[in-house]
Amino acid sequence: MDWDQEPEITPETGKVAGSGEGVKARNGSAIENEVEITVSGSNPQKGQKPGPGSIHEADNPDLIGPDPSENAKKEDEELSVKGNSLEAPVPSYRVCLSSGLPQSSDLSEISDAQLEDAIVNIVEFEGPIHSEEILQRIRSHTGFPRMLGKIRQRILDSVASAESSGKIQVRGEFCWPLYGPSDLLRRRDTESYARIEWICDEEIKEAVRFVLTSQYSTPMDDLIIQTSRVLGIKTTRKNTWDRIEKLIQSGIESNELTRTPNEMIYFVE
């Protein structure tokens, strides 16, 4: 996907449509420990590390930073309002609620053909979708108490079978429908689905492009935060920040994006 390509917005719905070339994702599905980055007051300058109290262990309630000033609170509120306005035209992520699989606590009761068809249904409905999310959908649809090694492997084998039979596309850890998707950029309204590890590079780039198209040249920090909000991520933690920043930097290095003398990011003209 070219960064300077204008996003396609359908006048009927205001939805952003797009597609991208696949890139191989890292192996493994473990979610890294998340570290929250809070931005208050002025944005940090390029190359400057956040000061004390700006980085918290996300899951440690004992780590409490200093109370923000009234000005910082006001700026955070203004940023939140701007983010909500920016997100409005982005279509919501639709979750496949039924793949056609029967409720069962034993995967052996489900045939290979049934399992493969279920995977295709999920991918056509939600793709691009991370393979780990496919496992979660099947667990939800069947009622499996746990995804043990043998169950996981059989499902992943069925994913490979669906790809080899030409029913889906697999790019790294993400599965794509053969035709589409109709909406590459989706806003995740449920926190459990809003994990940066489960969002492909192509969709993150589309979110960056959407933000820049909507508000033009933007400081790096604001661009990262607004990109995460457009994707439905309410709190920009360290792993989210790093992933988005890396893709923006990649766009700059490939001359698809540019950093202006006043440290603003925009498309190369």
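In sequence order, the stretch 101-115 has phi-based couplings of 7, x, 5, 7, 9, 10, 5, 5, 7, 10, 6, 4, 5, 4, 5 Hz under the Karplus curve 6.51 cos²θ - 1.76 cosθ + 1.60, θ = phi - 60°, and Gly or Pro positions carry x.
Working note: Karplus 6.51/-1.76/1.60 with θ = phi - 60° gives the stretch 116-128 the couplings 5, 4, 5, 5, 4, 4, 5, 5, 5, 7, 10, x, x Hz, where Gly and Pro are set to x. Packing-based ranking of 102-112, 226-236 yields 226-236, 102-112, ordered from highest to lowest mean Cβ neighbour count within 10 Å. In this calculation the C-beta distance from GLU263 to ALA88 is compared with R0 = 35 Å, giving a FRET efficiency of 0.80. Each of PHE174, PHE267 was scored by other Cβ atoms within 10 Å of its Cβ. Arranged with the fewest first, they read PHE267, PHE174. Local charge for PHE125 was computed over the other residues whose Cβ lies under 11 Å away, with Lys and Arg +1 and Asp and Glu -1, and equals 0. Can you list which of the GluC sites (Glu not before Pro) found in the stretch 110-156 are DSSP loop residues with at most 13 other C-beta atoms within 10 Å? In loop regions of the stretch 110-156 (DSSP not H, G, I, E or B), there are no sparsely surrounded GluC sites (Glu not before Pro). With r defined as the distance between the Cβ atoms of SER214 and SER108 and R0 fixed at 41 Å, what FRET efficiency is calculated, to the nearest 0.05? Computed FRET efficiency for SER214 and SER108 comes out at 0.20.
Bear in mind these aren't lab numbers, they're just calculated from the coordinates by the rules spelled out. Everything numeric here is computed off the predicted structure, so don't read it as measured data. No Cβ is skipped: glycine too gets one built from the backbone with ideal geometry, and neighbour counts run over all protein chains shown.
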